[in-house]
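Worksheet: the structure to be examined is printed underneath.
Nothing in this text is a laboratory measurement; each read-out follows from the coordinates by a stated rule. What you see is a predicted model; the values in this text were computed from it and never measured. As a convention, Cβ positions derive from the backbone with ideal geometry for all residues, glycine included, and neighbour counts pool all protein chains shown.
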Amino acid sequence: MRRPVVAGNWKMNLTRGAAVDLVRSLAASLGPSDSSASVEIVVCPPYVYLEAVGQAVQGTSLRLGAQNVSDQPSGAFTGEISTAMLIDLGCQYVIVGHSERRTLMGETDEIVNRKVLAALAAGLTPIVCVGELLEERQRGQTSAVIRKQFEGSLAGISGEQMARIVIAYEPVWAIGTGQVATPAQAEEVHLDLRSLLRSRYNAAVADAVRIQYGGSVKADNAAELMGQADIDGALVGGASLKVGDFLAIVAAAGGH
Ligand code: PEP
């Protein structure tokens, strides 16, 4: 049984006060920390609010994640943030290879791979994003694109490390567009990912890895998506900024 994980990617939104208010409202509805809760819930604020949000999540069932990380341990990398800094602030998760970083910041599979390895070495759980562009889907290349991203972004990962990674399937055309993948479209790619895991590792690893769906997940479409056998939670952008919507998605994933 895989425990679903729902993560809110707040992107470059909110003020410090609004970020703390949001997490306090979530925590008040979710109740106190409960390690047996059926869904793992993660919030990923902008770097500059990690400390304040990290303090607000203490003693609650929410976990803290970052939206990005450097692949370098320290040194002359102006503007970058290391894994050790994230751990210092209480992060347990980090999103790696989000499509906005791949397309807007030029992150390649090789860069994503180095970040995944750095995150694992530090004890962070990477949420590794993969997903095809609309043109790639229209040309029937979805499976090939996902395979290439899987192989490149997750190169050199042992089976034991793989079981600690969360994969997020996020079709680029569905992110922030309101155009959600149908449950069947999403499940098809999740099954492809699971068979890639089975071929590279074994059935136990394929069964253990949690694969989230992301891309316009909302309160009213979450239940159908989460009802698919191979969808183990969601990576949520826009709807994670609204308390009621995010809680409804958590509930659809099987929690609270
Ligand atoms: C995301 O940014 O990962 C995302 C899925 O965004 P949205 O939910 O707004 O489509």
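Here are the numbers for the structure shown:
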quantity	calculated
Share antiparallel - DSSP beta bridges, segment 5-254, percent rounded to 5	5 percent
Under-5 Å amide H pairs with Ala66, H placed in peptide plane, nonlocal only	Tyr93, Val94, Ile95
Rg/Rg_globular for segment 68-159, with Rg_globular taken as 2.2 N^0.38 Å and Rg from C-alpha atoms	1.15
Neighbourhood net charge (13 Å Cβ-Cβ; Lys/Arg +1, Asp/Glu -1) for Ala18	+2
Neighbourhood charge, 9 Å Cβ-Cβ cut-off, centred on Gln141 and excluding it, Lys, Arg +1 and Asp, Glu -1	-1
Mean separation of Cα contacts under 8 Å (6+ apart) over length of the chain, as relative contact order %	22 percent
Positive-end residue, the chain charge dipole about Cα centroid, Cβ charges, pick of Val180, His98, Gln141	His98
Charge sum, other residues only, whose C-beta stays under 13 Å from Asn202's C-beta, Lys/Arg counted +1 and Asp/Glu -1	+1
Solvent-free Debye scattering, log10 I(q)/I(0), computed from the Cα coordinates of the chain at q = 0.09, 0.11, 0.12, 0.18 Å⁻¹	-0.35, -0.53, -0.64, -1.56
Magnitude of the charge dipole, the chain, Cβ model with Lys/Arg +1 and Asp/Glu -1, debye to 20	160 debye
Helical mean residue ellipticity (222 nm; -39500 (n - 2.57) per DSSP H run of 4+; nearest 500) of the chain	-12000 deg cm²/dmol
FRET E, pair Arg147, Met1, Förster distance 25 Å, beta-carbon r, rounded to 0.05	0.40
Residue pairs, from the table Lys115/Lys218; Lys11/Lys218; Lys115/Lys148; Lys11/Lys148, whose Cα atoms sit over 21 Å apart	Lys115/Lys218; Lys11/Lys148
Gap separating the Cα centres of segment 1-67 and segment 229-251, nearest whole Å	12 Å
